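Note sheet for the following structure.
The values are calculated or read from the model by the stated rules, or taken from the named source; none is laboratory data. Quick caveat: nothing in here was measured; it's all calculated off a predicted structure. Every residue, glycine among them, receives a Cβ derived from its backbone with ideal geometry; neighbour counts consider all protein chains shown. The area values use the complete protein model at the heavy-atom level, side chains included, leaving out ligands, DNA and RNA. Shrake-Rupley method; radii C 1.70, N 1.55, O 1.52, S 1.80 Å.
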Amino acid sequence: MAVLAAIVIVVAFPLVRWRPGRGVELGPLEVTPAVKQLSVRVGESVQFSVGAQGALGYTWTVWGRPVSFASTFSYTPAPEDAGWQQVTVEVSGRGGGRAARTWDVGVVPPTPPVLEEVTPPAGSVALAQGEPGSFRCRARLPAARPGDRLAVEWMLDDHAVRREEQPAADAISELALPPSEAGSHHLRVRVTEDGQSASIAEWTITVAAPEETPPAGPAPEQAAAVVAREEAPSAAPPEAAPPAEVPREAAVPPPEPRVGAPPPRLVRAPGPRYLEGSVGEPLVFQTRVEPQSTKVDYLWTIDRRRVRARAPGRLEYEPSMPGRHTVRVAVAVAGQTIGSDAWVVTVLEPEVASATPPPVAELAPPATETAPPPAPSELAEAEVRAWLDEYARAWSRKDLRALRRMGQVRSAGEEEQLDRYFRSVDGLHVVVRVLGLRLDGARASVELERTDTVTDPSGRRHELRLPPVRKQIERTPEGLRFTGDSGPG
């Protein structure tokens, strides 16, 4: 029996074969969302995820454009993405196994609140010196539910002055503006439900400077006496009673009313506000006031320390220390501040040449070898920020060629989609805010928040604030460019 058992064991073992180097095959995909077709509003996010036994790599694409290589992907459509979008993930495993899943995503344009009434109408408003202003806004949210609320935010010269919440079915907000300083002011009301999609109205408020009081004219009794003297026949006055002296100003007619000149305003110099320089390299900053006046005071500061300028409205600055410095100017007319401007300067260390250069033989490579190509120069923060400012301006002027060069547009389909969006809106103004910036040689990683302000076909102004996105930037022979692994937005 022992012999038979041994035989059975020997025969049974070869039935279980071990194959060295062979791993677990790629299992079925487990994905979310489970449905293959879904919808999302512009500015909202939908979370995708995938998992499978034996998975080694993941590639997420939107219409074939790679957007992520992790097991999860967050898709936040921008206004130009309205319509149907296709999101695909491909999972790779050992032995070349692959599996894919595709979702059809319907991107719905946002539905901002409707401004039913704006008083006074948006635009220019003139106020006298010391006169308070009164503004009123009435809005509603289409198909609002009983618990929905609208937030109404008032901003004066980019400073919040009032915020309140009202029922979304009929929101009414009023702002009593106290008397403001003479000059031009910007008032803005923003009405939103979700903090992203909003309707806005804007006013340019001009507060007139106080008019100078003209010299007082003659009193009625004095004027009558002058007229009587002019009409009376000329006769020598009695010696004992010389004529009463008439005040000189009574004989002079009052001056013509002075036509009020436009209030002075600060004209900011064009160009970027983030600059780069070197120690000892002179920099010039300029600003001016229109209309020109001799009563203008320019207060210049560098890192909050007051400095003296050689000429009004012009500061020559020669940095002596490396690092980041802030140059500011506050402008006042007749003792009243009318505006300010600021620049951020990144000052670099000066390059110092080597005192003992290496031998010539070490500089020149052998004739039979090819010199390696020069490494891309490192990026500087001021350069990246200036490029991002130009990126926002390219959006605002609807410059498809510039956006293609910058890496925002990478295919004919994306260009057609973006052109369709540009043709659907007027008055596009895009602001790109940098939330984070990290430099790594010739590459940079940035976190951006993009805000679009547009005029719809009915003439209403809307604002859409998109959630932050992360992008990679690299230097190329043609300039800076978003890399292919940047997310959408």
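Structure notes:
- 3J(HN,Hα) couplings calculated from phi for segment 435-447 with the Karplus curve 6.51 cos²θ - 1.76 cosθ + 1.60 (θ = phi - 60°) are, in sequence order, 8, x, 8, 10, 9, 8, x, 8, 10, 9, 10, 10, 10 Hz; Gly and Pro show x.
- Sites residue 49 and residue 438, calculated FRET efficiency, Cβ-Cβ separation with R0 35 Å, nearest 0.05: 0.85
- With the simple model of a label 7 Å out from the Cα in the direction of the Cβ, residue 380 to residue 136 spans 5.5 nm.
- In Hz, Karplus ³J(HN,Hα) per residue of segment 43-50 (6.51, -1.76, 1.60; θ = phi - 60°; x = Gly, Pro): x, 8, 10, 10, 9, 10, 8, 8
- The H on the amide N of residue 409, modeled in the peptide plane, is under 5 Å from the matching H of 404, each at least 5 residues off or on a different chain.
- Counted charge near residue 328, where neighbours are those whose Cβ lies closer than 13 Å (Asp, Glu -1; Lys, Arg +1): +3
- Residue-wise HN-Hα couplings along segment 308-317, as the Karplus relation 6.51 cos²θ - 1.76 cosθ + 1.60 with θ = phi - 60° gives them from phi, are 9, 9, 6, 9, x, x, 9, 10, 9, 10 Hz; Gly and Pro carry x.
- Residue 162 long-range amide H proximity, modeled H, under 5 Å: 154
- Packing order of peptides 457-469, 124-136, 28-40, highest average first: 457-469, 124-136, 28-40 (average count of other Cβ atoms within 10 Å over each peptide's residues).
- Sequence ranges 301-307, 181-187, ranked by mean other-Cβ count within 10 angstrom, highest first: 181-187, 301-307
- Zone residues, segment 283-319, relative to residue 326, backbone N less than 11 Å from point 7 Å out along Cα-to-Cβ: 302-305
- Three-way shape call for segment 412-478 based on the alpha-carbon gyration tensor, with the a/c threshold at 1.5: oblate
- Taking 119, 483 and ordering them by how much accessible surface each has at a 1.4 Å probe, largest first, produces 119, 483.
- Difference of contour (0.36 nm per residue) and Cα-Cα distance, residue 170 to residue 445: 94.6 nm
- Stretchable slack from residue 99 to residue 162, in nm (0.36 nm times residue separation minus alpha-carbon distance): 17.3 nm
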